[in-house]
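Peer 1: A single structure is presented below for examination.
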């Protein structure tokens, strides 16, 4: 049988039409598989999978860049409704062929990939395809609703990202006004988001039931290939955070309260930096952010700088916020061209620098892992993906000064690093809230179906973990906090990964304090392994342990607090 040449660029296909991909999939499904043909068959399947993945990624990126563009949304919906269902069915047929016919002839290095593909095949149910499509459409609606939120601010329209800038202002009245405006915007869509989530919950429970699972949690742990830890391990992590991190966060909040000289630390006081210095404004405009970041990466490792330079040259960076742009930030893999794309909503704050460093870590991971021969080998576990990003934030820290081509004076860098390290500590209790909330939701779907119960549970968890901030008088704002976490709506159960990875990243950073070059070498080596090793093995390759108990957290908190004490003498 003659082999069909798979397109090498998405410019040669219509991403909204299954007919663009179907002939290549039909060819692969009909080709005979023997010892002699397996490798070529596998390679072509990998290339086709890259083409489909990149097509979807690019359409999603275009839709995120401008949520008001109706043509982009139509293409996205065409792909959701017309391509993804057919691609999912055909992909499962390919997995079955691999497991039944190609397994004895596979090359080395695919053991974990095969385990993942087998799990995906076992979870596959054709009746779930339209349900997943509906979930994607509901996620798109969340982007549209939240991306459109804006308020008049002294004659200018400000979106949620732009309002966040004012939370860094020294004038407490301005901060409070910005915070209240932000909360009012979220509360204005409260019922709309409640309805969306209830619809999502119902669909997810049906997906799990169709796949033979009693609850969506057990389904999610398998679908996310969480082979190396259990729900009980998550609870152990939550408890360790409560015992070790919550008190450390309280110490940070109390120190800030004293420095601000306020009776209690209110929600609009959390982001502002104490002291008389003006808020850090590290850059103006995307070009400045790119150039300074490029300088920093060149100091860390010239190869990493080369990767980032490629992205800048090929216009794979969209870093500034604007009206109609989707919220948040991400790094998306363009698998066919072996390139990443970074999307974020920069407004000129230090947080934007951290976000770009974070997403660049993901991008470097993509560059390194894309050298592996098959797409399934590049599919790394989320718990390690975030080590790549969070460790980069920490590894870059010594090079952020103007003397190194970066953003800050020595004093400003000390302030920026204090903000970053304090943010790591205060983030972990929030992560525990998000993760524990989702465990409750998907084990108690009949209760969670009523938004008032979600509000009650979120509030309970908030007061358990987020100790040190005075939210009195803002009960509605507390209990609807789950609305403000995109992951809860669009990527359920994807959040514990951030907490686990932060513990891994802190260990990489700790290693770098002893030997920066050795730590960076281990970091890059681990990135290049892609998904060819287990989660504990990837952590080990990066010089870290995959554990999240009280002793581990104690040791890392001690390091962070010692560093904060030292930095406070320079700031």
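The values are calculated or read from the model by the stated rules, or taken from the named source; none is laboratory data. In this text, all values refer to a predicted model and were calculated from it rather than measured experimentally. In this analysis, Cβ positions are derived from the backbone assuming ideal geometry, glycine residues included, and neighbour counts consider all displayed protein chains.
Peer 1: For the structure I just gave you, tell me whether residue 195 is at pLDDT 95 or above, part of a helix (DSSP H, G or I) and surrounded by fewer than 16 Cβ atoms within 10 Å (Cβ to Cβ).
Peer 2: Taking the combined requirement at face value, the residue satisfies it.
Peer 1: Looking at 504, 531 in this structure, which one is over 30 Å from residue 196 (Cα atoms) and not in a helix (DSSP H, G or I)? Before the answer, list the steps.
Peer 2: Working: 504 fails: not in a helix (DSSP H, G or I).
Criteria check complete, one pass: 531.
Peer 1: Picking from 349, 311, 344, which residue would you name as being modelled with pLDDT under 95, surrounded by 15 or more Cβ atoms within 10 Å (Cβ to Cβ) and either over 26 Å from residue 170 (Cβ atoms) or under 24 Å from the mean Cα position of the chain (by Cα) (or both)?
Peer 2: Answer to the check: 349.
Peer 1: Now for a separate question. I need every pair where a residue in region 486-501 that is at positive phi and at pLDDT below 95 has its Cβ under 9 Å from the Cβ of a residue that is outside any helix (DSSP H, G or I) and surrounded by 19 or more Cβ atoms within 10 Å (Cβ to Cβ), sequence separation at least 6 or different chains.
Peer 2: Pairs found: 493/226.
Peer 1: Does region 158-181 include one or more residues that are in contact (Cβ under 8 Å) with a residue 60 or more places away in the chain and touching a strand residue (DSSP E or B) at 6+ places or on another chain (Cβ under 6 Å)?
Peer 2: Looking for residues that are in contact (Cβ under 8 Å) with a residue 60 or more places away in the chain and touching a strand residue (DSSP E or B) at 6+ places or on another chain (Cβ under 6 Å), one finds at least one in region 158-181, hence yes.
Peer 1: Would it be correct to say that residue 116 is without any contact (Cβ under 8 Å) to a residue 60 or more places away in the chain, surrounded by fewer than 19 Cβ atoms within 10 Å (Cβ to Cβ) and more than 30 Å from residue 319 (Cβ to Cβ)?
Peer 2: Spelling it out, it is not the case that residue 116 is without any contact (Cβ under 8 Å) to a residue 60 or more places away in the chain, surrounded by fewer than 19 Cβ atoms within 10 Å (Cβ to Cβ) and more than 30 Å from residue 319 (Cβ to Cβ).
Peer 1: Could you pull out the residue among 570, 563, 532 that is farther than 22 Å from residue 229 by Cβ and surrounded by 16 or more Cβ atoms within 10 Å (Cβ to Cβ)?
Peer 2: From the options 570, 563, 532, the qualifying one is 563.
Peer 1: If you don't mind, another one. Does any residue of region 94-105 turn out to be free of Cβ contacts under 8 Å to residues at least 40 places away in the same chain, under 29 Å from residue 481 (Cβ atoms) and either surrounded by fewer than 17 Cβ atoms within 10 Å (Cβ to Cβ) or touching a strand residue (DSSP E or B) at 6+ places or on another chain (Cβ under 9 Å) (or both)?
Peer 2: Within region 94-105, not a single residue is free of Cβ contacts under 8 Å to residues at least 40 places away in the same chain, under 29 Å from residue 481 (Cβ atoms) and either surrounded by fewer than 17 Cβ atoms within 10 Å (Cβ to Cβ) or touching a strand residue (DSSP E or B) at 6+ places or on another chain (Cβ under 9 Å) (or both).
Table: residues versus (1) under 23 Å from the mean Cα position of the chain (by Cα); (2) modelled with pLDDT of 95 or more.
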{"site": "411", "(1), (2)": "no, no"}
{"site": "425", "(1), (2)": "yes, yes"}
{"site": "432", "(1), (2)": "yes, yes"}
{"site": "440", "(1), (2)": "yes, yes"}
{"site": "447", "(1), (2)": "no, yes"}
{"site": "476", "(1), (2)": "no, yes"}
{"site": "482", "(1), (2)": "yes, yes"}
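Peer 1: Among the residues of region 32-45, which ones are under 21 Å from residue 336 (Cβ atoms) and surrounded by fewer than 18 Cβ atoms within 10 Å (Cβ to Cβ)?
Peer 2: Going through region 32-45, the residues under 21 Å from residue 336 (Cβ atoms) turn out to be 39-45.
Once the filter is applied, which keeps residues that are under 21 Å from residue 336 (Cβ atoms) and surrounded by fewer than 18 Cβ atoms within 10 Å (Cβ to Cβ), region 32-45 yields 39, 40, 43.
Peer 1: Check every one of the helices (runs of 4 or more DSSP H) wholly within region 61-146 and list those with 1 or more residues that are modelled with pLDDT under 95, within 30 Å of residue 160 (Cβ to Cβ) and touching a helix residue (DSSP H, G or I) at 6+ places or on another chain (Cβ under 8 Å).
Peer 2: Result: 70-78, 84-97.
Peer 1: For region 21-49, how many residues meet the condition of being over 16 Å from residue 107 (Cβ atoms), part of a helix (DSSP H, G or I) and within 30 Å of the chain's Cα centre (by Cα)?
Peer 2: Residues meeting the conditions: 2.
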